[in-house]
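Trainee: Let me give you the structure first, and then I'll get to my questions.
The values are calculated or read from the model by the stated rules, or taken from the named source; none is laboratory data. Small disclaimer: the values here were computed from a predicted structure and weren't measured. Please note: Cβ atoms are built from the backbone with ideal geometry, for glycine as well, and neighbour counts cover all protein chains shown.
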Amino acid sequence: MCPPDYYGIEYEINPWMSRSRNSDSTLAKDQWHALRELLDQLGADIRLMPAEAGLPDLVFTANAGLVFHNRVYLSRFRHEARQGETPLDERWFRDEGFETVTMSGEWAFEGAGDALFCGQTLFAGYLIRSDAAGMQWLAAQIGCRVIPLQLVDEHYYHLDTCFCPLSPEEAIYYPPAFDGYAQTALREHIPNLIAVTEAEAARFACNAVVIGRHIVLNTGCPELERELNQRGYHVHHTELGEFIKAGGSAKCLTLRLDGEEAAIWS
Ligand code: ARG
């Protein structure tokens with residue numbers, strides 16, 4: 001995680017962001033600390049990356065890269081506003097002992113925001129922030145199957161805003177964020193899919209942190225919470241409204257270094 005010391009809405013690169021609706025820095029810090037505290041209580045061993053002035057979205061560490069064992073495939077941000085993050089991410093990963101890989105300059109790639117393992121398969125969101133060809137290259141490097149999923153709604157510009165693997169057989173998703181082919185692919189590959197409503201998708205219901213059977217998400221998603229409780233998960237909510245203003249929530253504020261719960265390799 002990276003603290004929100006320099007977080008704010010300084011540019012607009014997704015429909016949630018508006019410079020006329022900046023975040024309240026005290027509130028953002030309080031919300032971030034509450035999330036960190038909750039994850040800590042659930043047993044997460046949290047590593048911190050220092051914040052940097054001029055990089056307000058560095059808090060969204062999910063976009064630093066895709067971690068696979070001891071290797072990190074670094075992001076190549078679509079928008080110039082976030083491209084300054086990558087050298088800092090690279091240095092941080094190296095200092096922590098990870099091997100870093102830089103992808104070809106032809107492709108945009110936004111890390112664990114768009115590339116999520118469910119079982120042995122890499123589910124890859126493309127079009128808005130990441131390019132499909134880069135995802136194919138990545139899967140070939142890793143030696144795994146990739147299911148490219150076309151994202152069609154600018155509000156759900158990263159895969160982790162509309163899809164959340166819970167286990168190798170189970171995931172949360174918001175169907176209208178995907179084209180028809182992607183919806184079919186998801187139904188074919190994941191036996192238990194939990195669809196969220198439009199209202200809860202907009203509360204970033206799909207942007208959840210999964211720690212074992214515990215799920216952490218933003219407030220305002222009662223229907224999903226009920227469904228998850230019925231399926232035997234323990235759900236925890238914490239207010240993250242200041243981060244929704246930038247188009248992010250719980251999951252984007254974190255990057256799993258040891259593999260997601262749903263990833264077979266972890
Ligand atoms: N403002 C950031 C952006 O538009 C938010 C990133 C949220 N991250 C995520 N993994 N969904 O890039």
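Trainee: State the number of residues belonging to region 229-257 that are out of contact with any helix residue (DSSP H, G or I) (no Cβ under 9 Å at 6 or more places or on another chain) and either basic (Lys, Arg) or buried (at least 23 other Cβ atoms within 10 Å of the Cβ) (or both).
Mentor: The number of residues fulfilling the criteria is 1.
Trainee: How many residues are touching a residue at least 40 places away in the same chain (Cβ under 8 Å) and more than 16 Å from the ligand (Cβ to nearest atom) if we restrict to region 58-97?
Mentor: 4
Trainee: Residues in region 212-261 that are under 16 Å from Cys118 (Cβ atoms) and either out of contact with any Leu (no Cβ under 9 Å at 6 or more places or on another chain) or within 16 Å of the ligand (Cβ to nearest atom) (or both): how many?
Mentor: 4
Trainee: Looking only at region 146-172, which residues are without any contact (Cβ under 8 Å) to a residue 60 or more places away in the chain and either more than 29 Å from Lys245 (Cα to Cα) or within 14 Å of the ligand (Cβ to nearest atom) (or both)? Steps first, please.
Mentor: Going through region 146-172, the residues without any contact (Cβ under 8 Å) to a residue 60 or more places away in the chain turn out to be 146-153, 156, 159, 162-163, 169, 172.
Passing the criteria: Val146, Ile147, Leu151, Asp153, Tyr156, Leu159, Cys162, Phe163, Glu169.
Trainee: Another question about this same structure. From Leu159, Leu186, Leu193, Leu166, which residue is crowded, with 24+ Cβ neighbours inside 10 Å and within 21 Å of Ala262 (Cα to Cα)?
Mentor: Numbers: Leu186 fails: crowded, with 24+ Cβ neighbours inside 10 Å; Leu193 fails: crowded, with 24+ Cβ neighbours inside 10 Å; Leu166 fails: crowded, with 24+ Cβ neighbours inside 10 Å.
So the residue among Leu159, Leu186, Leu193, Leu166 that is crowded, with 24+ Cβ neighbours inside 10 Å and within 21 Å of Ala262 (Cα to Cα) is Leu159.
Trainee: What number of residues in region 20-57 are within 12 Å of the ligand (Cβ to nearest atom) and either more than 13 Å from Arg82 (Cβ to Cβ) or in contact with a Phe, Trp or Tyr (Cβ under 6 Å, 6 or more places away or on another chain) (or both)?
Mentor: Let us first name the residues in region 20-57 that are within 12 Å of the ligand (Cβ to nearest atom), namely 23, 55-57.
Then drop every residue that is not either more than 13 Å from Arg82 (Cβ to Cβ) or in contact with a Phe, Trp or Tyr (Cβ under 6 Å, 6 or more places away or on another chain) (or both), which leaves 23, 56.
Residues in region 20-57 being within 12 Å of the ligand (Cβ to nearest atom) and either more than 13 Å from Arg82 (Cβ to Cβ) or in contact with a Phe, Trp or Tyr (Cβ under 6 Å, 6 or more places away or on another chain) (or both): 2 in total.
Trainee: Among the residues of region 97-117, is any of a type in the set (A, V, I, L, M), at negative phi and out of contact with any strand residue (DSSP E or B) (no Cβ under 6 Å at 6 or more places or on another chain)?
Mentor: If we filter region 97-117 for residues that are of a type in the set (A, V, I, L, M), which is where we start, we get 101, 103, 108, 112, 115-116.
If we keep only those that are at negative phi as well, we get 101, 103, 108, 112, 115-116.
With out of contact with any strand residue (DSSP E or B) (no Cβ under 6 Å at 6 or more places or on another chain) added as a condition, the list becomes none.
No - not one qualifying residue is present in region 97-117.
Trainee: Same structure, new question: Just checking, which of Gly259, Gly212, Gly248 is at pLDDT 95 or above and out of contact with any Asp or Glu (no Cβ under 7 Å at 6 or more places or on another chain)? Show your work before the answer.
Mentor: On the way: Gly259 fails: at pLDDT 95 or above; Gly212 fails: out of contact with any Asp or Glu (no Cβ under 7 Å at 6 or more places or on another chain).
Testing whether each residue is at pLDDT 95 or above and out of contact with any Asp or Glu (no Cβ under 7 Å at 6 or more places or on another chain) leaves just Gly248.
Trainee: If Leu149 satisfies every condition in (1) under 15 Å from Gly125 (Cα atoms); (2) out of contact with any Leu (no Cβ under 8 Å at 6 or more places or on another chain); (3) surrounded by 15 or more Cβ atoms within 10 Å (Cβ to Cβ) but one, which is the exception?
Mentor: Here Leu149 clears every test but (2).
Trainee: Now for a different question. Being surrounded by fewer than 14 Cβ atoms within 10 Å (Cβ to Cβ) and of a type outside the set (A, V, I, L, M): is that true of Ser18 here? Step through it out loud before you land on a result.
Mentor: Numbers: surrounded by fewer than 14 Cβ atoms within 10 Å (Cβ to Cβ): yes; of a type outside the set (A, V, I, L, M): yes.
So Ser18 fits the description; yes.
Trainee: For residues that are away from the ligand (no atom under 15 Å from the Cβ) and among the hydrophobic types (A, V, I, L, M, F, W, C), scanning just region 196-211, find the one that is nearest to Ile244 (Cα to Cα). Give the steps one after another, and end with the answer.
Mentor: At the first step, the residues of region 196-211 found to be away from the ligand (no atom under 15 Å from the Cβ) are 196-200, 211.
Right, trim to among the hydrophobic types (A, V, I, L, M, F, W, C) and you get 196, 199, 211.
Values: Val196: 17, Ala199: 14, Ile211: 22 Å.
Going through the qualifying residues, I end up with Ala199.
Trainee: List pairs: first in region 202-218 and without any contact (Cβ under 8 Å) to a residue 40 or more places away in the chain, second of a type in the set (Lys, Arg), Cβ under 8 Å, 6+ apart or cross-chain?
Mentor: Short answer, once both residue conditions are applied: Asn218/Arg203.
Trainee: Considering only residues that are outside any helix (DSSP H, G or I), touching a residue at least 12 places away in the same chain (Cβ under 8 Å) and over 18 Å from the mean Cα position of the chain (by Cα), look in region 130-145 and name the one that is surrounded by the most Cβ atoms within 10 Å (Cβ to Cβ). Spell out how you get there, then give the answer.
Mentor: Of the residues in region 130-145, the ones outside any helix (DSSP H, G or I) are 130-131, 143-145.
Within this subset, residues satisfying the condition of being touching a residue at least 12 places away in the same chain (Cβ under 8 Å) are 130-131, 144-145.
Narrowing further to those that are over 18 Å from the mean Cα position of the chain (by Cα): 144-145.
Numbers: Cys144: 17, Arg145: 12.
Selected residue: Cys144.
Trainee: Please go through region 87-103 and pick out each residue that is of a type in the set (A, V, I, L, M) and over 14 Å from Met49 (Cα atoms). Give the derivation first.
Mentor: Narrowing region 87-103 to residues of a type in the set (A, V, I, L, M): 88, 101, 103.
Listed by number, the residues that qualify are Val101, Met103.
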